[in-house]
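Q: Next up is a structure, given as structure tokens.
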Amino acid sequence: MGPEVEAFEDEFASYCEAKYCVGVGNGLEALHLILRAYGIGPGDEVIVPSNTFIATWLAVTECGATPVPVEPDVVTHNINPCLIESALTSRTCAIIPVHLYGQPAEMDPINALAAKHGLIVIEDAAQAQGARYNGRRTGSLGHAAATSFYPGKNLGALGDGGAVLTNDLAIAERVKQLRNYGSKVKYHHDLVGYNSRLDDIQAGFLRAKLTVLDQWNSRRKAVADRYTKLLTGAGLHLPFVPKYAEPVWHLYVIRSHQRDALKAHLEQLGVATVIHYPIPPHRQACYQDCKERFLPISEKLAREVLSLPMCPTLGPAEIDHVVHSVLSFQGSLSGD
Ligand SMILES: *Cc1c(COP(=O)(O)O)cnc(C)c1O
């Protein structure tokens with residue numbers, strides 16, 4: 001937590017159009033520390049997407065609260081704001097929308113609902129550094145936001161890292177205290193805190209990479225645009241970009257009813273793909289007590305999603321090889 005961390009915190013806060021940034025150990029801890037800073041704990045319920053990466057749920061469970069899953073919109077793959085209200089109870093304290101795959105969640109109706117019911121909105125922006133919703137950066141759209149600098153994210157360190165963003169000075173200060181053993185003054189501990197530091201050397205790497213993040217995100221967009229142009233009409237579900245969204249293409253996720261066969265076909269042709277995510281959180285052994293067992297949309301997505309290769313350095317020849325490999329599979333299907 002030296003001078004590089006402080007400089008990075010200032011630079012990343014202004015990049016995200018937020019007042020305060022607090023560097024922490026990773027994205028999971030960023031979420032967890034925000035929940036702790038708001039005093040969310042045992043007996044409380046927190047709305048989470050049913051189809052997110054498990055960290056969103058774990059942060060809620062780790063502070064003693066209960067994650068309450070809400071299904072996504074089947075077109076955008078992001079939490080469906082229309083389904084949130086019926087999941088609220090007198091114990092609901094917060095909503096964690098996730099900007100999944102770098103696509104901003106539909107924040108206006110979520111914020112309106114939160115205002116109506118007095119709930120905290122915590123963005124999980126781990127996959128969305130630089131994305132915009134109605135022109136505004138993700139990370140500054142709710143009460144607080146968590147992000148991750150895991151090396152595979154759009155803004156990745158050379159090891160683990162994360163950050164909390166907020167416009168609320170009291171929350172920023174509380175997170176600062178919690179990340180540092182609950183201490184404001186050395187050897188005085190007012191809270192039962194954690195050790196969740198962002199390393200100075202990682203902050204230094206992040207400062208260098210932040211200067212090219214927009215450029216790299218626009219190269220991801222060029223890859224996505226080419227995929228969309230060449231795969232439209234091939235009988236696959238392609239990513240949908242709503243009017244309000246400027247995504248940053250952390251992932252380019254297609255859907256196929258023959259997902260496993262398509263994946264195997266691509267692998268034979270030298271195209272590596274990944275499934276984000278193959279098992280929804282409520283089907284994980286660690287959540288076998290989850291009361292919500294019937295979440296058909298997230299189960300359908302888990303069966304059908306496939307992430308095509310995506311990174312800023314993918315060239316036209318590589319993109320075309322991926323596209324031709326996908327089309328050769330789709331062609332063999334329609335020839336049956
Ligand atoms: C990566 C990720 C996290 C967790 O970040 P870590 O730094 O790996 O702990 C949380 N939520 C989402 C949506 C993520 O993709």
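The values are calculated or read from the model by the stated rules, or taken from the named source; none is laboratory data. Note that the coordinates shown come from a computational prediction; the quantities given were computed from them, not determined experimentally. Using ideal geometry, Cβ is built from the backbone for each residue, glycine included, and neighbour counts are taken over all protein chains shown. To get the accessible areas, we keep the full protein, side chains included, count just its heavy atoms, and leave off ligands, DNA and RNA. Shrake-Rupley method; radii C 1.70, N 1.55, O 1.52, S 1.80 Å.
Q: Counting only protein heavy atoms and using a 1.4 Å probe, what share of the accessible area of region 3-210 belongs to carbon plus sulfur, as a whole percent?
A: Roughly 52 percent, rounded to a whole number.
Q: Based on the Kirkwood radius over alpha-carbon pairs, what is the Stokes-Einstein translational diffusion coefficient of region 98-151 at 37 °C with 0.692 mPa s viscosity, in µm²/s?
A: 292 µm²/s
Q: Say each of D200 and S328 gets a label point 7 Å from the Cα, pointing the same way as Cα to Cβ; how far apart are those two points in nm?
A: 5.3 nm
Q: Once phi is turned into θ = phi - 60°, what whole-Hz ³J(HN,Hα) does the Karplus curve with 6.51, -1.76 and 1.60 give for every residue of region 318-328, x standing for Gly and Pro?
A: 5, 4, 5, 5, 4, 4, 4, 5, 5, 5, 5
Q: Which entries of K209/K243; K221/K243; K153/K209 have Cα-Cα distances beyond 22 Å here? Don't jump to the answer; show the numbers that get you there.
A: Details: K209/K243 29 Å; K221/K243 16 Å; K153/K209 12 Å.
Flagged as over cut-off: K209/K243.
Q: Out of the chymotrypsin sites (Phe, Trp or Tyr not before Pro) in region 247-336, which ones are loop residues according to DSSP with at most 10 other C-beta atoms within 10 Å? Present the calculation step by step, with values, prior to reporting the outcome.
A: Numbers: sites: W249, Y252, Y287, F294, F329; in loops: W249, F294.
Taking region 247-336 and a limit of 10 other Cβ atoms within 10 Å, the loop chymotrypsin sites (Phe, Trp or Tyr not before Pro) found are F294.
Q: May I ask you to evaluate 6.51 cos²θ - 1.76 cosθ + 1.60, the Karplus curve with θ = phi - 60°, for each residue of region 78-88 and list the ³J(HN,Hα) values in order in whole Hz, giving x for glycine and proline?
A: Whole-Hz 3J(HN,Hα) from phi for region 78-88: 9, 3, 8, x, 5, 9, 6, 4, 6, 8, 6.
Q: Within the P(r) computed for the chain, what percentage of the Cα pairs occupies the region above 36 Å? Walk me through the numbers before you get to the answer.
A: Details: 10995 of 56280 pairs.
Percentage above 36 Å: 20.
Q: Right, something else. Compute the accessible area per residue over the chain, keeping the other protein chains in place, probe 1.4 Å, unit Å². Working shown, then result.
A: Details: 14650 Å² over 336 residues.
That works out to 44 Å² for each residue.
Q: Taking a label point 7 Å from the Cα of C286 along the Cα→Cβ vector, which residues of region 50-82 have an amide N closer than 15 Å to it?
A: 52-67, by backbone N distance to the label point.
Q: Still on this structure, I have one more. What is the Cα centroid distance between region 5-26 and region 225-260, reported in whole angstrom?
A: Computed from Cα coordinates, the inter-centre distance equals 31 Å.
Q: Still on this model: Just to be sure I follow the definition: excluding the sites themselves, where is the longest run in the chain that has none of the trypsin sites (Lys or Arg not before Pro) in a DSSP loop with at most 14 other Cβ atoms within 10 Å?
A: Within the chain, the longest run free of exposed trypsin sites (Lys or Arg not before Pro) spans 92-185.
Q: I would also like to ask the following. Mind checking which of D44, D199, D190 has the largest fluctuation in a GNM of the chain, springs on alpha carbons under 10 Å?
A: Highest fluctuation of the listed residues: D190.
Q: Taking R0 as 51 Å, what's the FRET efficiency between A222 and Y187 from their Cβ-Cβ distance, rounded to 0.05?
A: My answer for the efficiency is 0.45.
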